[in-house]
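As structure tokens, the structure follows; a few thoughts come after it.
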Amino acid sequence: MTESTKKMEFKTELKQLLYLITHSLYSNKEIFLRELISNAGDAINKIRFDSLDQQDDLEGNKDWKIKIIINKELGTLTLSDNGIGMSREAVIENLGTIARSGTKNFLDRVKGQEGKTKPELIGQFGVGFYSAFMVADKVEVLSRMAGKAEDGICWISDGQGEFTIESKPKAERGTDVILYLKETDKDFLESFKIRSIIRKFSDFIEHPIVLEVLGETKDPEEKDEVLNSQKALWLRSKSEVTQEEYDTFYRQISNDFQEPAKVIHYTAEGMNEFKVLLFIPPSLPMEFQFGDVKIGPRLYVQRVLIMDNCEQLLPSYLRFVKGVVDCADLPLNISREILQQNPVLERIRKDVVGSILKALKDMKKSEPEKYLKFFAEMGSILKEGLRVDFENREKVADLLLFNSWKTSADKTITLEEYVSAMPEGQTEIYYLAGESRAQVEFSPLLESYKSKQQDVLLLLDPIDEFSLPYLQDYKGKKLKGIDRVDSSKSDSDAEILEATKSRFAGFVEHLKAKLGVVSDVKLTSRLKESPVVLVSESGGFSASQERFLKKIGKAQEGMESKRVLEINPEHSLVLKLRDLYEEKADSPKLQAGIETLYDLALLAEGSKVQDLGGFMKRVQEAVLKGL
Ligand code: ADP
Ligand code: MG
């Protein structure tokens with residue numbers, strides 16, 4: 001070790017990560033190559049982008065290349081790029097001391113399932129570099145930053161907790177990653193193996209990947225063999241691309257290992273010309289579970305990558321979509337600020353949104369099973385569109401699937417189907433929200449609708465009740481939550497005879513006085529079998545909304561909206577209590593009965609009973625009496 005060599009320790013989380021990588025990831029080791037090549041490609045894209053206004057940094061070298069060098073004698077495999085390179089600080093930060101946000105997530109994810117972990121996931125957590133230690137017991141990184149005449153920097157580690165760093169001359173700009181292969185992984189020195197891995201994982205990398213086998217005599221005139229096809233799929237026409245190529249490309253840009261659920265590929269002509277190649281993933285992308293979601297497709301301007309994720313091109317409610325947009329009408333050196341308010345991007349975005357919604361519609365129609373799975377995983381995100389995309393609201397609404405009391409639990413219904421099945425006389429679309437089907441399907445609120453054979457959508461996703469109201473109406477039919485005070489028509493009142501009302505007046509007042517927690521007590525005709533039900537004021541939150549807000553910690557103290565207690569004047573329990581009231585308004589029996597009645601209403605809407613002990617005692621007594 002020379003004097004200038006510095007020994008440093010990996011950050012704790014990285015130590016754990018490295019331990020895991022070296023001790024428990026044995027399958028699919030070949031993905032290390034994909035990760036290192038993707039880093040090399042990123043590095044080249046960076047210098048190419050920077051050089052658009054920093055010509056000097058290029059040092060006259062624009063021959064973008066990723067080189068794989070096999071040295072059988074030393075047992076090393078080297079990945080060499082002429083990308084942007086790294087400074088001393090960058091090496092220390094990127095390869096040792098900064099534990100990226102992904103590190104911990106990755107560790108959490110694999111905890112307790114070592115051995116079963118899919119190494120393919122590594123790249124999704126931004127820790128791809130370390131996959132080198134799956135096959136190497138020593139890794140050396142030699143790098144020199146673009147435009148810096150000073151020495152390069154050499155980083156060495158055996159992946160055991162420490163690394164050393166020292167200055168070292170390097171003639172060319174860029175980075176060499178030298179892998180000292182483990183005894184068990186020497187097969188990665190076979191060129192046929194390298195060739196097939198590149199074809200499998202990195203065929204579409206846009207820079208040439210060339211292979212050099214040291215010791216093999218080669219005609220100096222002979223050109224380097226390029227291993228990847230470098231095909232920019234999106235530039236080709238649909239008929240020239242096979243499904244397999246789409247699948248491979250999707251895997252490459254998404255880090256997913258499945259096939260896409262849907263491919264969207266077209267060229268737009270007209271005011272602006274641009275090519276679009278987008279994918280709808282088959283299941284929720286991994287990063288969505290960890291919060292580090294990058295929105296938007298890659299943006300290319302005539303094959304030059306401008307940005308990995310162009311947010312301006314995709315509204316957040318379609319953030320699960322991955323892919324590429326290549327536009328010929330943007331200047332190459334476009335800055336991020338200019339992108340923000342560029343009318344061309346605005347037009348592309350509109351077009352892209354339209355085609356994604358159309359693709360989803362097609363999928364729903366022609367591949368219902370696939371769509372069902374898509375909707376189960378990404379439907380909640382899609383629904384945000386009702387709130388944020390006023391223009392496309394109807395189209396988003398057409399894509400929604402619901403449960404209803406008429407469907408069986410595993411079946412769904414669309415709004416369109418709902419509307420066309422509405423019986424004569426029904427003018428609104430009814431819905432009721434709750435946490436689960438079991439909880440809402442026997443709600444007293446459904447009784448009158450069931451008796452009239454009117455269907456009611458059961459909203460079981462908490463986001464429904466927050467997004468559906470933005471739709472207001474669908475095909476001219478208003479949407480209406482049935483757990484609300486009925487203010488529009490006095491349905492309840494009209495059907496309840498004046499005579500009934502007057503016979504209950506005193507009792508209703510008494511209930512109001514005794515049940516301070518409710519804002520009002522009313523007679524209703526909406527109930528058939530149940531004695532009482534709680535409803536919300538039309539503007540306030542519903543019971544399930546309140547429970548949801550509480551659960552996610554967004555509920556504010558004292559914000560609870562008061563409920564209205566509606567009572568069924570024909571129910572024997574209600575009649576009995578009223579008689580009791582007329583006999584003796586201050587009897588303890590009456591008081592117990594009223595409290596139990598209210599508790600039943602709470603239970604029916606899925607809420608908790610306040611005085612559980614008292615409730616249980618009252619019920620036990622009642623049961624005993626009945627036996
Ligand atoms: P990610 O690529 O997701 O950022 P990695 O673990 O693969 O995560 O790489 C970590 C970082 O190390 C990269 O973000 C980059 O800054 C740096 N890096 C890795 N390889 C290279 C390379 N060949 N050239 C320049 N920088 C690199
Ligand atoms: Mg990487």
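Screening Ser167 against (1) of a type in the set (S, T, N, Q); (2) under 21 Å from Gly75 (Cβ atoms); (3) out of contact with any Pro (no Cβ under 8 Å at 6 or more places or on another chain) leaves a single unmet condition, (2). Out of curiosity, is Leu445 of a type in the set (A, V, I, L, M, F, W, C), under 23 Å from Gln545 (Cβ atoms) and at pLDDT 90 or above? Considered against the rule, which asks whether it is of a type in the set (A, V, I, L, M, F, W, C), under 23 Å from Gln545 (Cβ atoms) and at pLDDT 90 or above, Leu445 comes out as yes.
So if I check each of Leu580, Leu565, which one is part of a helix (DSSP H, G or I) and hydrophobic (A, V, I, L, M, F, W, C)?
Details: Leu565 fails: part of a helix (DSSP H, G or I).
None of the other options fit; the residue is Leu580.
Which one is surrounded by the fewest Cβ atoms within 10 Å (Cβ to Cβ) among residues in segment 519-540 that are in a strand (DSSP E or B) and of a type in the set (D, E, K, R)?
Asp520
The C-beta contact set for segment 138-151 (first residue within 14 Å of Asp50 (Cα to Cα), second residue within 13 Å of ligand 1 (Cβ to nearest atom), distance under 6 angstrom, 6+ apart or interchain) comprises Met145/Gly85; Met145/Ser87; Ala146/Ile47; Ala146/Ile84; Ala146/Gly85; Ala146/Arg173.
Yes/no matrix, rows are residues, columns are (1) closer than 22 Å to Arg303 by Cβ; (2) in a helix (DSSP H, G or I); (3) open to solvent by less than 30 Å² (accessible area, probe 1.4 Å); (4) among the small types (Gly, Ala, Ser):
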residue: Asp187; (1), (2), (3), (4): no, yes, no, no
residue: Phe192; (1), (2), (3), (4): no, yes, no, no
residue: His207; (1), (2), (3), (4): yes, no, yes, no
residue: Glu221; (1), (2), (3), (4): no, no, no, no
residue: Ser239; (1), (2), (3), (4): yes, yes, no, yes
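Of all residues in segment 386-402, at least one satisfies being open to solvent by less than 10 Å² (accessible area, probe 1.4 Å), in contact (Cβ under 8 Å) with a residue 12 or more places away in the chain, in contact with a helix residue (DSSP H, G or I) (Cβ under 9 Å, 6 or more places away or on another chain) and closer than 25 Å to Tyr246 by Cβ. In the set Gly102, Gly96, only one residue is modelled with pLDDT of 85 or more, within 11 Å of ligand 1 (Cβ to nearest atom) and in contact with a Phe, Trp or Tyr (Cβ under 7 Å, 6 or more places away or on another chain); that residue is Gly96. Once segment 130-145 is narrowed to residues that are open to solvent by 10 Å² or more (accessible area, probe 1.4 Å) and touching a helix residue (DSSP H, G or I) at 6+ places or on another chain (Cβ under 9 Å), the residue that is farthest from ligand 1 (Cβ to nearest atom) is Asp137.
This table checks each residue for (1) in a loop (DSSP other than H, G, I, E, B); (2) open to solvent by 80 Å² or more (accessible area, probe 1.4 Å); (3) of a type outside the set (Ser, Thr, Tyr).
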position	(1), (2), (3)
Val210	no, no, yes
Glu216	yes, yes, yes
Lys231	yes, no, yes
Ile253	no, no, yes
Gln258	yes, no, yes
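Which fully enclosed strands (runs of 3 or more DSSP E) of segment 1-103 have 1 or more residues being within 16 Å of ligand 2 (Cβ to nearest atom)? Break it down into steps so the answer makes sense when it comes.
Details: elements: 6-9, 66-71, 76-81.
Result: 66-71, 76-81.
Ser404 meets the conditions (1) modelled with pLDDT of 95 or more; (2) out of contact with any Asp or Glu (no Cβ under 7 Å at 6 or more places or on another chain) in every case but one. The failed one is (2).
Scan Leu577, Leu549, Leu573 and give me the residue that is touching a helix residue (DSSP H, G or I) at 6+ places or on another chain (Cβ under 9 Å) and open to solvent by less than 50 Å² (accessible area, probe 1.4 Å).
Values: Leu549 fails: touching a helix residue (DSSP H, G or I) at 6+ places or on another chain (Cβ under 9 Å); Leu573 fails: open to solvent by less than 50 Å² (accessible area, probe 1.4 Å).
Being touching a helix residue (DSSP H, G or I) at 6+ places or on another chain (Cβ under 9 Å) and open to solvent by less than 50 Å² (accessible area, probe 1.4 Å) holds for just one of Leu577, Leu549, Leu573, which is Leu577.
Among the residues of segment 263-302, write down those that are among the aliphatic types (A, V, I, L, M) and open to solvent by less than 20 Å² (accessible area, probe 1.4 Å). The answer is Ile264, Ala268, Val276, Leu277, Leu278, Ile280, Leu299, Val301.
The rows are residues; the columns are (1) surrounded by fewer than 22 Cβ atoms within 10 Å (Cβ to Cβ); (2) away from ligand 1 (no atom under 11 Å from the Cβ); (3) of a type in the set (D, E, K, R).
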site	(1), (2), (3)
Lys7	yes, yes, yes
Leu14	no, no, no
Leu20	yes, yes, no
Leu25	no, yes, no
Lys29	yes, yes, yes
Phe32	no, no, no
Asn39	yes, no, no
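The values are calculated or read from the model by the stated rules, or taken from the named source; none is laboratory data. Values in this document were obtained by computation on a predicted structure and should not be read as measured data. Glycine also receives a Cβ, built like all others from the backbone with ideal geometry; neighbour counts cover every protein chain displayed. Ligands, DNA and RNA are stripped out before the accessible areas are found, and what is left, the full protein with its side chains, is counted by its heavy atoms. Shrake-Rupley method; radii C 1.70, N 1.55, O 1.52, S 1.80 Å.
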